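Scroll down for the structure; my scribbles are underneath it.
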Amino acid sequence: MSEAPALLTIEALGRRYGARWALRELDLEVRRGEIVALVGPNGSGKTTLLRILAGFQRPTEGTVRLFGKDPWLDRVSVMEQARFAFAPPALYPGLTANEHLTLLPSTPASPRERDRVLEWVGLSERAHEAVRNFSLGMRQRLSLALALIPVPDLLVLDEPADGLDPLAVIELRERLLELRQETSLSILLSSHLLADVEQVADRICILHEGHAVFTGNTEELETESQEWRLVVSDVAAAWDALSSHFPLVRQDSDAVYVPWERSEPPLVREALEAAGVRLLEFHRVKPTLEAAFLKLLRQRLDSTPTLSPDR
Amino acid sequence: MSLSLEALKLRRSRRPWVVLAALVLYVILMLFGFATYAETETGGNVEFRYTFENESYFNGLTFAVYAFYFAALLLLPVFASTEGGVQIAGERSAGTLPLLLSRPVSRQRVFLSKFAVAGASLAMGVGLFLVLVLGVGLVFVGWGELRLYPGVLQMTDRPQSLSQAEALVRFLWVWPAASLAMLAPLTLSLLISTWSRSAVNAVGLSVSIYLVLSVISEIHFFRELRPFLFTSTLGYWRGLFREDIPWSQIFREASRLLAFSAAFLGVGLWRFRRQEER
Amino acid sequence: MTRSPTIRVPAEWLFLGLAVALGWFSWRSDDSALRGFPVQREVGDLRVMTWNVGEASGTHGNPLRDTSVKAVIDTIRRSRAELVFLQELQSRSQLRGIVEGLGGEPWRSATSGEGQRILGVLGRGSLTARSVALSRGRDALQVVYQAGSQAVLAVSLHADAFSAKKRNLQIGEVMSHLEGRHQRWPTLLVGDFNLDLDLDKRRDLFSNDEYRDVESYNLVTQELHDAGLGKGATAEPDRRLDYVFYHPAHLRLQEAGPLSGSRFGSMDHDPLVADFSWESTLSAD
């Protein structure tokens, strides 16, 4: 995968609104055939990033290249190869699904192609109905259908699971993987829920207050979040002893937790002995992906009290 | 494709029907007012000692001129301002502008398609309205010679008379001329629309500006400002109802209106092409 | 083979260029008539001037002040008009002073009314004058002016400034007075009519009954032609209150317009000047 050419390259990207930085020092690449997920809570900068990619906004600093072009200066050319489906899906309420698919794409879809895409998103039965009668999930599907005529090189989906029922979310994941398999298109997904994307994304970029706090695959995220769980004779004393030696030490009522990657068992043992604390038991704890994600965000909140505004 | 999309959106929207209903109501009220006025003036209740009006003056063509005159200086520009105001700001407030701009279509094409469809629909509206007032005039009053006097409606500067056939030809000429006049309020509101995030604000501001400018351009104290206001020449088409059409004046004033329209369109497009969408 | 680069001009600049071009065309072709009467033009068979020389100072204005008489004389000289109608003179002696200022002979003068704000007429030839009594307001002044071998019948009127109804009556009575006379005479009806019906301006700001003013004007224009039509305002603010009406049977209009820049002190009217040629030859009865 890493050998494939990069369709999207973001370097040191920053975007400021007044004194507030919505994005800062962001680096990211999306290669051909790759599915990358942007994950982060509301306000983390996902939408700003997608708008910059779509050429709706200019970066304050850094560069963005989509297919080698600057989307702000060359939006039309970029849109020939990339498709965006923004959230919430805004469509024309008076037009039918069919009319959207006929009139909005730059190249009119053939009736066959239209039918195929409508079937793909599960809207064949409602093709001639005005969009004002559609549920959020149906609008979401139509928005996706619009982005697939014709099938682009890069598909950018903003919160694609919003409004979909759990079955439809699973179906969407399967469809996206199928689509990638058939066409080798690249997909950039944005979501505020890791669960929505973890099973489909090759790589995840976690955004927090405009910064990329993690970029890698899900295994790397899990690994980074592993800890030693130390059952000790005196939890409070152990915490005091370890937190002065290791970062991100935490405790609960029974044990103290030390980051797995950033600590060595002999050093831990040494520190505890020096403090007169007995180590009764220890083992490695592997959190769920969701827990790892939340932990990462919490750590960022604790360790970086102010990333913005920029001073 | 952009043109078809804009045309279909307009067809499916409620705006044309609201405008049509408003115009029909207006024509009904005008017909009532015209009938009572004619009755007062010709029914033996004439207050003026020196009067020029008589029964032959009040016919369906005069009614059509009266009805069109007030509509073209007040109602139609307001509708034009509304139509222009909802274009960009309406898409922005409905969230559909990203949908339009997520296609490989230039902002220029999006903007000019909107202008073209709004302009064409206004021209159609002006034409339909002329047909409506002439039809109502024919059915309820009956046509005849079109007699016009100075002062009345400020259409002519000397007493004159046009035969029925000639008057109908003049109505035909007035269609494109009045449609062209509507471009100025339309493009002004399109320009305002590029600045606004709310369709209501864009329409409200456009209509307010139109009304303020049209009042200012009629008031004597603002003589020095008049050449710089598009509202000063918005009724230039009235010259087409004169016995001797003042062509040079009509070309001059039409050019001025077109200059305003092109300037509004240019600035609007300039703004739209450089604008960020948040 | 190299392709020549295509120069792409953004459409907004094309529109702005079009706006400038059309604006320039519109501005250049603007009606030169609105720039006033060209006094330097060769004098026609008959040059007429009408001027309300009253001053706008005070609550109800003032008639011509003696200090402004010299300015009036200079303007009459500059206009080279041979028949001059003045409204709002202070006294008969003031008119006599103007005649003297113009050099006396061959100027003749006549006035109408007593007291202040009287009508006066000056002619560089024989003048026969009489008052035309009106049921409301000041009398009108009728003159028969002998211009060489031609005689002209002219009525000067200063219509009521505040009541459209009074104006309507005054104008109606003057028109009744003129009825039938224009068949025999080159006829003029001049003066300050205190109504402005020009297109594109609100008429209700200065009239208590704009519709009646419309009636009054139409009554006149069904018989007579308006020489100053489309030639611009004669009074402040941007109002066309002064008129020279003529009957086209014997007179042909050559040029007309306000003589801008003639106001002195707090005067609020410009003179209106009209050049005529004879349409046919008639002599005075």
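So what does B:Trp247 come to for accessible area, using a 1.4 Å probe and Å² rounded to 10?
B:Trp247 has an accessible surface of roughly 110 Å² with all protein chains in place.
Could you compute how much accessible surface A:Asp115 exposes when probed at 1.4 Å, giving the result in Å² to the nearest 10?
Roll a 1.4 Å probe over it and A:Asp115 shows about 80 Å².
I want the antiparallel fraction of DSSP beta bridges within the protein assembly as shown, as a percent rounded to 5.
If I count the DSSP bridges inside the protein assembly as shown, around 75 percent turn out antiparallel.
Which order do C:Glu179, A:Glu290, C:Glu215, A:Glu125 take by accessible area at a 1.4 Å probe, largest first? Write out the running numbers ahead of the final one.
Working: C:Glu179 140, A:Glu290 60, C:Glu215 0, A:Glu125 170 Å².
Sorted descending by solvent-accessible area, the residues read A:Glu125, C:Glu179, A:Glu290, C:Glu215.
In Å², nearest 100, what accessible area do chains C and B bury in total when the solvent probe is 1.4 Å?
Protein heavy atoms only, the C-B interface buries about 4100 Å².
By the scheme Lys and Arg +1, Asp and Glu -1, what is the net charge of all other residues having a beta-carbon under 11 Å from that of C:Glu236? The partial results should precede the final answer.
Numbers: positive: B:Arg223, C:Arg239, C:Arg263; negative: C:Asp238, C:Asp268, C:Asp270.
Residues near C:Glu236 contribute 0 overall.
What shape does chain A take by its C-alpha gyration tensor, where a ≥ b ≥ c are the square roots of the eigenvalues and a/c under 1.5 counts as rounded, a/b above b/c as prolate, and the rest as oblate?
In terms of gyration-tensor shape, prolate.
Could you tell me whether region A:226-286 comes out rounded, prolate or oblate from its Cα gyration tensor? Rule is a ≥ b ≥ c as square roots of the eigenvalues, rounded for a/c under 1.5, then prolate if a/b exceeds b/c, otherwise oblate.
Here region A:226-286 falls in the rounded category.
Considering only protein heavy atoms, what is the solvent-accessible area of C:Ser176 at a probe of 1.4 Å, reported in Å² to the nearest 10?
Number for this one is 60 Å².
Angle, helix B:247-273 long axis vs. longest principal axis of chain B, Cα atoms, 0 to 90°, nearest 10?
Rounded to the nearest ten degrees, it is 20.
Over the Cα atoms of region C:42-278, what radius of gyration and what Dmax do you get, in Å?
Both quantities, over Cα of region C:42-278: 16.1, 46 Å.
Tally Lys/Arg at +1 and Asp/Glu at -1 over every other residue whose Cβ is under 14 Å from the Cβ of B:Ser4; what's the total?
+4
Just counting partner chain Cβ atoms within 10 Å, what average do the residues of peptide C:161-169 show around their Cβ?
On the way: counts 0, 0, 0, 0, 3, 0, 0, 4, 2.
Partner-chain Cβ atoms within 10 Å, mean over residues of C:161-169: 1.
Over the protein assembly as shown, with every protein chain in place, what whole percent of the accessible area is carbon and sulfur at 1.4 Å, could you tell me?
Carbon-and-sulfur percentage of accessible area, whole number: 54.
Within a Cβ distance under 12 Å of A:Pro150, other residues only, what is the Lys/Arg minus Asp/Glu net charge?
+1
Within 10 Å of each Cβ of A:85-93, how many other protein chain Cβ atoms are there on average?
The per-residue average across the peptide is 4.
Whenever you get a sec, line up C:Ser57, C:Ser79 from highest to lowest accessible area (probe 1.4 Å, protein heavy atoms).
From most exposed to least exposed: C:Ser57, C:Ser79.
With a 10 Å cut-off between alpha carbons and a GNM built on chain C, which of C:Thr111, C:Thr128, C:Thr234 moves the most?
Maximum fluctuation in the GNM of chain C, among the listed residues, is at C:Thr128.
Across chain C, where is the longest run that never hits trypsin sites (Lys or Arg not before Pro) in a DSSP loop with at most 15 other C-beta atoms within 10 Å?
The longest uninterrupted stretch comes out as C:42-135.
With every protein chain left in place, what is the accessible area per residue of the protein assembly as shown in square angstrom, probe 1.4 Å?
With the other protein chains kept in place, the protein assembly as shown gives 43 Å² per residue.
Looking at the protein assembly as shown from every direction and averaging, what is the projected area of its Cα convex hull in nm²?
Details: hull surface 218.5 nm².
Approximately 54.6 nm², given one-decimal rounding.
For A:Lys295, go through the aspartates and glutamates and keep the ones whose alpha-carbon is under 17 Å away, minus same-chain ones fewer than eight residues off.
A:Glu198, A:Glu209, A:Glu219, A:Glu220, A:Glu222, A:Glu224, A:Glu227, A:Asp252, A:Glu261
Longest segment of chain B with no GluC sites (Glu not before Pro) in a DSSP loop having at most 11 other Cβ atoms within 10 Å?
Numbers: sites that count: B:Glu47, B:Glu55, B:Glu224, B:Glu276.
The segment B:56-223 is the longest one with no such site.
Tilt of helix B:60-70 relative to the longest C-alpha principal axis of chain B, in degrees (0 to 90, nearest 10)?
40 degrees
Report, in order of residue number, the helices in chain C meeting two criteria: a C-alpha extent of 20 Å or more along the helix axis, and a mean Kyte-Doolittle hydropathy of at least -1.0; treat each whole DSSP H run as one helix.
The answer, listed by residue number, is C:11-28, C:164-178.
Within a 10 angstrom radius of each residue's Cβ in B:223-234, how many Cβ atoms of other chains show up on average? Whole number is fine.
On the way: counts 7, 1, 0, 3, 4, 1, 0, 0, 1, 2, 2, 1.
Average neighbour count from other chains, rounded to a whole number: 2.
The values are calculated or read from the model by the stated rules, or taken from the named source; none is laboratory data. On a predicted model such as this, the values are computed, not experimentally measured, just so you know. Glycine also receives a Cβ, built like all others from the backbone with ideal geometry; neighbour counts cover every protein chain displayed. Remember, those area values only see protein heavy atoms, side chains included, never the ligands or the DNA or RNA. Shrake-Rupley method; radii C 1.70, N 1.55, O 1.52, S 1.80 Å.
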